[in-house]
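The values are calculated or read from the model by the stated rules, or taken from the named source; none is laboratory data. All of these numbers come straight from a predicted model, not from anything done at the bench. All Cβ positions, even for glycine, are placed from backbone atoms using ideal geometry, and neighbour counts span all protein chains on display. Note: accessible area is taken over every heavy atom of the protein model, side chains too, but ligands, DNA and RNA are not part of it. Shrake-Rupley method; radii C 1.70, N 1.55, O 1.52, S 1.80 Å.
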Amino acid sequence: MATASPAGEIPSPINDLRLFAVSSRAVAVLSLAAFASAASQRAGDPLLPLLAQEFGTTAGGASAVLTAFAVAYGGLQLVNGPIGDRIGKYRMVFWATAISAVGSLACAIAPTLPVLVIARFASGATVGAIVPLAMAWIGDAVPYERRQPVLARFLIGTLLGGALATMASGALGERFGWQAIFYVMAGLYVVAAAMLWLELRDNPATQHPPRAGESLLQSFGRMFGLLRRPWVRVVLVTVFLEGALSYGGFAFAPFHAHNALGLSVSASGMLAALAALGGLVYAAIAGRLVPRLGERGLVIGGGLLLCFGMPGLAFAPSAAWAAPTLIAQGLGLIMLHNTLQVHATQMAPESRGAALALFAFSLFTGQSTGVWLSSHVVDSRGTVPVFLAAGAGLVLLAFFFQRRLGARRASGL
């Protein structure tokens, strides 16, 4: 079942260009920046045992590095989105990528855990602008009926970044120290920023005229005004809960593999990276799967796969048994999340940067909340209760959202 273009779709300057001149190279460069952003997000996960040992704390204490990054990543969306709408989304992605190189370098040279937490907070503040504004630019560039497969292809960068960082972070940490991955990240951001600058210089599709007659304060007012729309609230609450449940559990998957399954730090990171394989499978077949299943079918299918994800990992007796549960978790989650992303790009076509800022704020505030809550449970009761709660909650959430999609479609919206 194909996805129809909603009545709220409005023309944009980029939509007026020929599509082949707009997207392929510009989206590929955005995907590279998203690769770096996702790598930064996941770089700390496999390092928890090393950080706990290095700084003499528990896994829950070391997870402050993850929480600080997620808080800044989400919180600064409220600034990044309106600025992106005003000065240009592609341009804002370039500046965020360039400054993120400095943030990664600051993480690498941090001498203590509190300094590392501060550096990760500062890094998350700029890294957080990259993916939401890239998605908002794609929302401007690609018509709604073609947007979900394009977003799925864009997400290849995000998925690969998260997967490779999860693998490389643990391996580099064991061999060269926990700082190594942050030096690598700094170099990657420099390369991505250079390519974004070339696109801004050479590709007219990346240009953005300033929004005439509107101050930055008015842009912020426009963003918060979106909260009056009922469907916006449904999407934001759903993605908040998705972030809390998914990342609150998955952040401790490498730690679980290391402690419960007896894997090394590097091997546990590689195992956890298999979740990205499920997402890559979806990205490869999204062009055929989306028209066949439709949005509600994707969400229901994702929910069924999530029944097998984190709960299966909780009771897996070995890495061989854990692998398919992680793949199912990644595939099911991306089927749900990609559908949410498409609706986020259409919540407010006239202010996509602001709408995606609220979406990202909700997602990563949920993630930081989930990690904070889960860290207390892991320290007191272990990882199994966290995985079971995450799995059950995600299944219920998927079925809730597909019912709301059905009600929305029945109302003709």
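Quick notes on this one:
- Count of segment 386-412 residues, restricted to those that are more than 10 Å from residue 310 (Cα to Cα) and touching a helix residue (DSSP H, G or I) at 6+ places or on another chain (Cβ under 7 Å), is 11.
- Search result, residues across segment 353-388 that are open to solvent by 20 Å² or more (accessible area, probe 1.4 Å) and over 21 Å from the mean Cα position of the chain (by Cα): 376, 377, 379, 380, 381, 382, 384, 385, 388
- When segment 120-148 is filtered for residues that are at pLDDT 75 or above, surrounded by fewer than 23 Cβ atoms within 10 Å (Cβ to Cβ) and more than 27 Å from residue 66 (Cα to Cα), only 140 remains.
- Condition broken by residue 167, with the remaining ones in (1) among the hydrophobic types (A, V, I, L, M, F, W, C); (2) in a loop (DSSP other than H, G, I, E, B); (3) under 13 Å from residue 40 (Cα atoms) satisfied: (2)
- Residue count for segment 20-59 satisfying the condition of being open to solvent by less than 40 Å² (accessible area, probe 1.4 Å) and touching a residue at least 40 places away in the same chain (Cβ under 8 Å): 25.
- From 164, 159, residue being at pLDDT below 85, out of contact with any Ser or Thr (no Cβ under 8 Å at 6 or more places or on another chain) and open to solvent by 40 Å² or more (accessible area, probe 1.4 Å): 164
- Within segment 205-252, considering residues that are open to solvent by less than 50 Å² (accessible area, probe 1.4 Å) and among the charged types (D, E, K, R), the one modelled with the highest pLDDT: 242
- Residue 287 open to solvent by 10 Å² or more (accessible area, probe 1.4 Å) and among the small types (Gly, Ala, Ser): yes
- Cβ separations smaller than 7 Å between residues 6+ apart or across chains give the following pairs from segment 273-291 residues that are within 13 Å of residue 333 (Cβ to Cβ) to residues that are of a type in the set (Phe, Trp, Tyr) and in a helix (DSSP H, G or I): 275/250.
- Among residues of segment 388-413 that are within 30 Å of residue 313 (Cα to Cα), those with a Cβ under 6 angstrom from a residue that is open to solvent by 20 Å² or more (accessible area, probe 1.4 Å) and outside any helix (DSSP H, G or I), sequence gap 6+ or separate chain, pair up as 395/307.
- Residue within segment 98-114 that is of a type in the set (Ser, Thr, Tyr), open to solvent by less than 10 Å² (accessible area, probe 1.4 Å) and more than 22 Å from residue 194 (Cα to Cα) present: no
- Cβ-Cβ under 6 Å pairs, at least 6 apart or on other chains, segment 191-204 side surrounded by fewer than 18 Cβ atoms within 10 Å (Cβ to Cβ), far side small (Gly, Ala, Ser): 203/26
- For segment 325-348, the set of residues classified as polar (S, T, N, Q) and either over 15 Å from residue 390 (Cα atoms) or open to solvent by 10 Å² or more (accessible area, probe 1.4 Å) (or both) consists of 338, 339, 341, 345, 346, listed by residue number.
- Those residues of segment 66-82 which are more than 17 Å from the chain's Cα centre (by Cα) and modelled with pLDDT of 80 or more, in sequence order: 79
Condition check ((1) assigned to a loop (DSSP other than H, G, I, E, B); (2) touching a helix residue (DSSP H, G or I) at 6+ places or on another chain (Cβ under 8 Å); (3) farther than 24 Å from residue 343 by Cα) across all residues:
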| position | (1), (2), (3) |
| --- | --- |
| 153 | no, yes, no |
| 156 | no, yes, no |
| 173 | no, yes, yes |
| 194 | no, no, yes |
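- The number of residues in segment 263-272 being within 20 Å of residue 155 (Cα to Cα) and open to solvent by less than 10 Å² (accessible area, probe 1.4 Å) comes to 1.
- Of all residues making up segment 242-257, the number that are part of a helix (DSSP H, G or I) and under 14 Å from the mean Cα position of the chain (by Cα): 8
- In segment 114-131, the count of residues that are of a type in the set (Gly, Ala, Ser), in contact with a Lys or Arg (Cβ under 8 Å, 6 or more places away or on another chain) and under 18 Å from residue 154 (Cβ atoms) is zero.
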